[in-house]
Amino acid sequence: MAGQGTTTDVAPAGTGRREYSKSEGAGRRRIGPGLRTFLIFVALVALGALIFPSSYFYRVGTLVWINTLAVTGIVVLLGYVGLVSLGHAGFFAIGAYVTAIGPNYGIPSPLAMAGGVALAGLLALIVGRPILKLSGYYLAIATLGLGMLIWMVLSKEAWLTGGPDGMVVSGMNARNLFKMVGLSLKSAEAWYWVAGLVAAIGAAIAVNLAGSPSGRALRAIHDSDVAARSLGVDVAKAKSRAFVISAIYAAVAGALLALANGYITPDTGGFMHSVEMVTMAVLGGAASVYGALVGALILTALPQVLTVFADYEHMVLGGIMVLTMILMRRGLVPFIADLWNRRKS
Amino acid sequence: MSELLQFLISGVTVGAIYAAIALGFTLIYNASGVVNFAQGEFVVIGGMTAAALIAAGVPVILAAPIAVVAGTLVGILLYRLAIRPAGQAPLVTLIIITIGASIFLRGAMQAVFDKQIHRYDGFSGDAPLRVGGATILPQSLWIVGGSIAVFAFLAWFLNRTRAGRGIKATASNRMAAALVGINTGRAMNLSFALSAGIGALAGVLATPVTFTSYDVGVLMALKGFSATMLGGVGSPLGALAGGLLIGLIEALTAGYISSDYKDAAAFIVILLVLFLRPQGLFGARIVERV
């Protein structure tokens, strides 16, 4: 959170996106948009902790926050720039597997986690640069292939990854983090708070990015590549930056999942997981972090409530994607916000 | 030597399937500018429908055309229910719609049929023919013949018929085509129908050799994309050549390097093409319309 204050100064409230929503009270302006998002997210994390009756709820809640974090990365790529990635589960899995493999070779978990995140970012940088010079389809196709390649390596190199059966993740337990400051929590509760706080920080960073000069460049590209270029935006570089940032979000989320679950399988890097992430962003609304949260919440909670979901997972996810795009192209959160505003006026 | 010949034969066989898929992509892309991520699902629809019918005792000569018609109908439905309602949507919206449709169809296939792997006997039996120390399945000849027939049909249809020229005109400039009286909606409809029919046909022909199951569509689509990109997006000849090349690369990878990673070959090709020659072997330079 150290960088939080300075970024907020660069992009005070009232710049960029914020100006579009008229309902902003003048008194709120003192808190920057990033900090405000952080506080709202932390309040929601705390609300969950207040009402959850059992460890099971904490585990599902942890998943919701981890997915929110990963989908926030999709928001940066899809919502801000308008690019689709079908291989984000690959980055997610790199974060998860490096975190899992590190301790087996004597590398402590936090270091392995950082290594996994760096590896995912580096891969996104190398692969993204040449592809992002071309039109939008190419990224979707190339990431589809990249994701499959990563999944293939994870399932076939059993000596390193345990193969299709997956592997046990040893190492950190979040309880110890809280013990250091004198709090004694159950393991599930501790991971819930860690995941929630990291998701809150991720959301705040994404919100501040949207208001920053490079975030505005990204949105200019979203509206028109050519117009952005004529305004002096280095389009390929800006897209590549967004791709790397979103890969990093996915990798951090993957690392968290590995540690929180204590077990991972190659399916975390599978095609369907990539599709799931995109669907979450599309359903909630890819333009904002709140869309990421709502999409992640619905699609993580739904399978827990509806047991038939597992049988019809594909049809549900695919149907949601198509229907959302036809009926409410900007997603659930903006759609409901519009309805609300119309009713008030 | 006979080993190499064997790899080449199996490469050409699967390559012809990829070529047919790539031709389907090219048709829709040329007519509408949409890259249809659901293209691989048509292959599965064709294969699964034929397998179910044949298992139920329907003779191949009846089951195969029914399966192609089923695929074609799904293609028309895809256009009517998912693509057309989106109107003049931005590129990213169309990408998400076709991805969603592809996942939906995959689920529908699992619900309508099952999760098993299916195959049926080759059209001319499964006794291999011997050629210079290598063997060819008679079905391979059906597959290669089918792809060539599709290519020839498309070349004739797009250049020689009124409906085909309507598709080409719609592709080049939709508004101008509408202004000279071409029913552009019908042209789009037709291109989706044809493209789906071609995909389903590829599935019907390929299933005795490659087998099929509800979830192979994405992989098929990826191979088809690779073929399209290698050949050059928008070029039918490129699609044919690209498909055969991808098939050969894959067969040689499986034979000489590792069969575990034969599916990776297509992806490596995509990346190399994007790095070195984004317009592909036969494609025009990529110019984006503003």
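The table for this structure:
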{"read-out": "Minimum 20 Å² accessible area buried by the other protein chains, segment B:96-130 residues, probe 1.4 Å, relative to alone", "value": "B:I96, B:I97, B:I99, B:G100, B:I103, B:F104, B:R106, B:G107, B:Q110, B:A111"}
{"read-out": "At R0 = 25 Å, FRET efficiency that the Cβ-Cβ distance of B:L62 and B:S124 yields, to 0.05", "value": "0.90"}
{"read-out": "Helix-derived mean residue ellipticity, 222 nm - over chain B, DSSP H n ≥ 4, -39500 (n - 2.57), to 500", "value": "-24000 deg cm²/dmol"}
{"read-out": "Net charge of Cβ neighbours under 13 Å - reference A:S54; Lys, Arg +1; Asp, Glu -1", "value": "+1"}
{"read-out": "Modelled label reach - B:L276, point 7 Å along Cα→Cβ, segment B:227-246 residues with backbone N closer than 16 Å", "value": "B:227, B:229-232, B:242, B:245-246"}
{"read-out": "Additional length obtainable on full extension of the chain from A:I51 to A:Y263, 0.36 nm per residue less Cα span", "value": "73.6 nm"}
{"read-out": "Longest DSSP-loop-exposure-free segment, GluC sites (Glu not before Pro), chain A, at most 16 other Cβ within 10 Å", "value": "A:158-345"}
{"read-out": "Cα centroid separation, segment A:175-251 to segment A:87-104 (Å)", "value": "18"}
{"read-out": "Solvent-accessible area per residue for segment A:218-333 (1.4 angstrom probe, square angstrom)", "value": "37"}
{"read-out": "Distance between segment B:220-256 and segment B:129-200 - C-alpha centres, whole angstrom", "value": "17"}
{"read-out": "By average C-beta atoms within 10 angstrom, highest first, the peptides A:45-56, A:120-131, B:229-240, A:76-87", "value": "A:76-87, B:229-240, A:120-131, A:45-56"}
{"read-out": "Calculated FRET value between B:S258 and B:N173, using beta carbons and R₀ = 56 Å, to 0.05", "value": "0.75"}
{"read-out": "Fraction of the pair-distance distribution of the protein assembly as shown above 50 Å, Cα-Cα pairs, percent", "value": "13"}
{"read-out": "Apportionment of accessible area to carbon and sulfur, the protein assembly as shown, percent (1.4 Å)", "value": "66"}
{"read-out": "Listed residues A:L78, A:H273, B:A266: farthest to the positive end of the dipole of the protein assembly as shown (Cβ charges)", "value": "A:L78"}
{"read-out": "Nonlocal Lys pairs with alpha-carbon distance under 18 Å, the protein assembly as shown (8 or more apart, or different chains)", "value": "5"}
{"read-out": "Probe 1.4 Å, accessible area per residue of segment A:83-129, Å²", "value": "33"}
{"read-out": "Stretchable slack from A:L231 to A:R342, in nm (0.36 nm times residue separation minus alpha-carbon distance)", "value": "36.4 nm"}
{"read-out": "Within-12-Å neighbourhood charge of B:E41 [Cβ basis; K, R +1; D, E -1]", "value": "0"}
{"read-out": "For peptides B:140-152, B:8-20, sequence by mean Cβ density within 10 Å, most packed first", "value": "B:8-20, B:140-152"}
{"read-out": "About the Cα centre, charge dipole magnitude for chain A (Lys/Arg +1, Asp/Glu -1 at Cβ), debye", "value": "1140"}
{"read-out": "Other protein chain Cβ atoms within 10 Å, averaged over every residue that makes up B:84-95", "value": "5"}
{"read-out": "Protein accessible surface hidden between A and B, which excludes ligands and nucleic acids, total in Å², probe 1.4 Å", "value": "3900"}
{"read-out": "Options B:S2, B:M175, B:V131, ranked by Cα towards positive dipole end of chain B, top entry (Cβ charges)", "value": "B:M175"}
{"read-out": "DSSP-loop trypsin sites (Lys or Arg not before Pro) across segment B:197-290, with at most 10 other Cβ within 10 angstrom", "value": "B:R285, B:R289"}
{"read-out": "0 to 90° range, to nearest 10: angle between helix B:184-210 axis and chain B longest Cα axis", "value": "10"}
{"read-out": "Volume of the Cα convex hull of chain A, divided per residue and given in Å³", "value": "154"}
{"read-out": "Among A:G284, A:G171, A:G254, residue whose mean-square fluctuation peaks in a GNM of chain A (springs only between Cα atoms under 10 Å)", "value": "A:G171"}
{"read-out": "Dipole magnitude of chain B, debye to nearest 20 (Cβ charges: Lys/Arg +1, Asp/Glu -1, about Cα centre)", "value": "1080"}
{"read-out": "Dipole axis of the protein assembly as shown (+1 Lys, Arg; -1 Asp, Glu on Cβ), positive-most option in A:N67, B:I246, A:L256", "value": "A:N67"}
{"read-out": "Tail beyond 34 Å, pair distance distribution of chain B (Cα, percent)", "value": "17"}
{"read-out": "Whole-number accessible area per residue in Å² for segment B:1-40, which is evaluated in the context of all protein chains at 1.4 Å", "value": "27"}
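The values are calculated or read from the model by the stated rules, or taken from the named source; none is laboratory data. Everything quoted here is computed from the prediction, not taken from an experiment. Positions of Cβ are backbone-derived with ideal geometry, glycine not excepted, and every protein chain shown enters the neighbour counts. Note: accessible area is taken over every heavy atom of the protein model, side chains too, but ligands, DNA and RNA are not part of it. Shrake-Rupley method; radii C 1.70, N 1.55, O 1.52, S 1.80 Å.
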